[in-house]
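Below is one structure, written out as C-alpha cells; the observations come after it.
The values are calculated or read from the model by the stated rules, or taken from the named source; none is laboratory data. Computed from a predicted structure; not experimentally measured. Positions of Cβ are generated from backbone atoms using ideal geometry, with glycine treated the same way; all protein chains shown enter the neighbour counts.
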Amino acid sequence: MIVNGTHNLVLTGGRIHCPDGTLESGWLAVSGERISAVGTGTPPEGRHLDLSGAHVVPGFVDIHCHGGGGGSFTSADADQAATAIATHRRHGTTSLMASLVSAPVNELTDQLAALAELVTDGELVGVHLEGPFIAEARCGAHDPTVLREPDTEAVGALLEAGRGNIRMVTLAPELTGGVKAVRQLTESGVIAAIGHTDAVAEQVRAAVDAGATVATHLFNGMRPLHHREPGPVGALLDDERVTIELICDLVHVHPGVLRLAARHAGPSRTVLVTDAMSATDVADGTYRLGSLDVEVADGVATLPGSGSLAGSTLTMDAAFRNLVHGAGLGIADAVAATATRPARLLGIDAETGALRPGLLADLVVLDDDLRVAGVLRHGEWVGNPPTRS
C-alpha cells in the first residue's frame with residue numbers, strides 16, 4: 001500500500017467523511033489506486049494537497065442512469081455510452097450502472113452487446129433493465145407498444161444475452177409470471193426490483209417474499225399511496241428487506257416527501273439515483289429516451305403532449321446537495337445514500353463506497369456549498385485537481 005514508506009498523495013486539512021464519523025481537519029493518503037491510510041494530526045510523508053475547508057466524501061455510486069452529455073445507453077452506440085459515463089464522472093459518479101428502457105428483446109440484446117466491453121473494462125458496474133416487463137397503466141416514458149409479460153423464455157433470453165452483465169431488472173409483479181420471474185432473476189444472481197407497477201400491496205409483498213429487494217424510483221411510476229390501500233409505495237417503504245430508490249431532483253418527489261421516505265427507510269435502505277437521460281449537462285431541447293421523443297425545458301424532461309416526466313437531467317452531486325439543502329437531511333445521510341448503500345447493494349462495497357484504507361481511492365472533494373471541486377477515481381484525478389480559492 002505504501003511505496004518506500006511514502007504515500008503518492010496525501011489530502012490534508014479537509015473534513016473527511018469516514019464510516020465511523022467525520023474527521024475534522026483530517027488527512028487521507030493514497031498509494032496507487034487505493035486509499036492507504038486515513039487519520040488526524042500530523043499527516044504522513046507524500047505529495048500533500050491542502051483541502052482546508054472542503055468536504056471529502058466517497059465517490060458516488062449511481063444504480064439508475066440512462067445517459068448524459070448528449071449520449072444515451074439505449075443507443076447501442078459505445079461512443080455515446082462513453083460520453084454519458086464521462087459526463088457523470090465529472091460530477092462525482094465513480095461507479096455507474098447503465099439503465100436501459102423497455103424495447104423488444106432483440107433490440108435490448110443489441111444494446112447489451114454495445115455495453116459489454118465497457119462493463120468488462122470496469123467503466124460500468126453492470127446493466128439495469130428497466131422493462132419491458134412493466135405495467136402499461138404505469139409505464140410513464142416507456143413505449144407501451146413494446147411491453148410484455150415476463151415469461152420464463154423472455155427473461156432467460158435476456159439473461160443469456162447479458163452474459164453476466166445484467167445486475168438488476170425492474171418489473172411489475174402483478175403481471176402474469178411476475179412473481180415467478182422474480183424467483184428466476186434472484187436464482188440467477190440478479191437483483192429483482194419493483195417498479196412501473198399498478199400492483200396492490202398484497203401483490204408487492206408476494207414479490208418481496210419471492211426475493212425482490214429494490215423499489216425502483218419510489219413514488220414515480222407506481223400506484224400512489226392510499227390510506228386504505230398502501231399499494232407499492234406503502235408496502236415497499238415499510239418492508240425492511242427493501243432498498244428504496246429516490247430521484248432527488250426536487251421535481252420527481254417533493255422535498256417533504258423525500259425527507260419522510262428517507263427518514264423512515266433510514267441510511268441502510270435509502271439510495272439516491274439520477275434516472276438521468278441524455279439531456280443531462282447539456283442544453284434544453286428535443287432528445288430521445290429509447291424510442292420516444294422527450295422535450296427538455298428548464299432542465300425538466302417530459303413527453304410531448306402528456307407532460308409525463310421522462311427521466312431527469314440530474315447528476316449525483318446535485319442529488320447529494322438537494323438531500324442536504326433541499327430536504328434537510330445530514331451529510332452522513334447523503335454519503336450513505338449516494339455511496340455506501342448503493343455499493344453494498346451491488347456487492348462492490350469491498351472495493352468502493354466508503355473512505356477506508358484498502359478500498360479504491362474513489363472520492364469527491366466538495367466545497368462548503370457542496371459543489372464539486374475535484375473527483376478522484378482509482379487514485380487518478382478526473383480533470384484538474386482541486387485548488388484553494
Residue 78 passes all but one of (1) out of contact with any Ser or Thr (no Cβ under 9 Å at 6 or more places or on another chain); (2) free of Cβ contacts under 8 Å to residues at least 40 places away in the same chain; which number fails?
(2)
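Sort out which residues of region 130-169 are of a type in the set (D, E, K, R) and within 23 Å of the chain's Cα centre (by Cα), and write them in order of number.
Answer for region 130-169, where residues must be of a type in the set (D, E, K, R) and within 23 Å of the chain's Cα centre (by Cα): 130, 138, 143, 163, 167.
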The lone condition residue 177 fails out of (1) surrounded by fewer than 21 Cβ atoms within 10 Å (Cβ to Cβ); (2) at negative phi; (3) more than 19 Å from the chain's Cα centre (by Cα); (4) not aliphatic (A, V, I, L, M) is (2)
Residue 350 - would you say it is of a type outside the set (Val, Ile, Thr) and surrounded by 18 or more Cβ atoms within 10 Å (Cβ to Cβ)?
no
Which listed residue, of 217, 128, is closer than 29 Å to residue 294 by Cβ, buried (at least 21 other Cβ atoms within 10 Å of the Cβ) and out of contact with any Gly (no Cβ under 8 Å at 6 or more places or on another chain):
128
Six or more apart or on different chains, Cβ atoms under 8 Å: show the pairs whose first residue is in region 59-70 and at pLDDT 95 or above and surrounded by fewer than 24 Cβ atoms within 10 Å (Cβ to Cβ) and whose second is among the β-branched types (Val, Ile, Thr) and not in a strand (DSSP E or B).
69/83; 69/87; 69/280; 69/282; 70/83; 70/282
If a residue has to be touching a Ser or Thr at 6+ places or on another chain (Cβ under 7 Å) and either over 18 Å from residue 360 (Cβ atoms) or not aliphatic (A, V, I, L, M) (or both) to count, how many in region 26-39 make the cut?
2
Every residue from region 81-97 that is over 13 Å from residue 61 (Cβ atoms) and without any contact (Cβ under 8 Å) to a residue 40 or more places away in the chain:
83, 85, 86
I want to confirm something. Restricting to region 16-68 and keeping residues that are acidic (Asp, Glu) and outside any loop (DSSP other than H, G, I, E, B), which single residue is farthest from residue 80 (Cα to Cα)?
24
Any chance region 340-356 includes a residue that's at negative phi and more than 19 Å from the chain's Cα centre (by Cα)?
yes
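For a quick check of your reading: which strands (runs of 3 or more DSSP E) sit entirely within region 185-291 and have at least 1 residues that are in contact with a Leu (Cβ under 8 Å, 6 or more places away or on another chain)?
Working: elements: 191-194, 243-247, 270-273, 285-289.
Fully inside region 185-291 and qualifying: 191-194, 243-247, 270-273.
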Those residues of region 350-389 which are outside any strand (DSSP E or B), farther than 24 Å from residue 324 by Cβ and among the acidic types (Asp, Glu) amount to 351
I need a count of the residues in region 293-323 that are farther than 17 Å from residue 144 by Cβ, part of a loop (DSSP other than H, G, I, E, B) and free of Cβ contacts under 8 Å to residues at least 24 places away in the same chain.
2
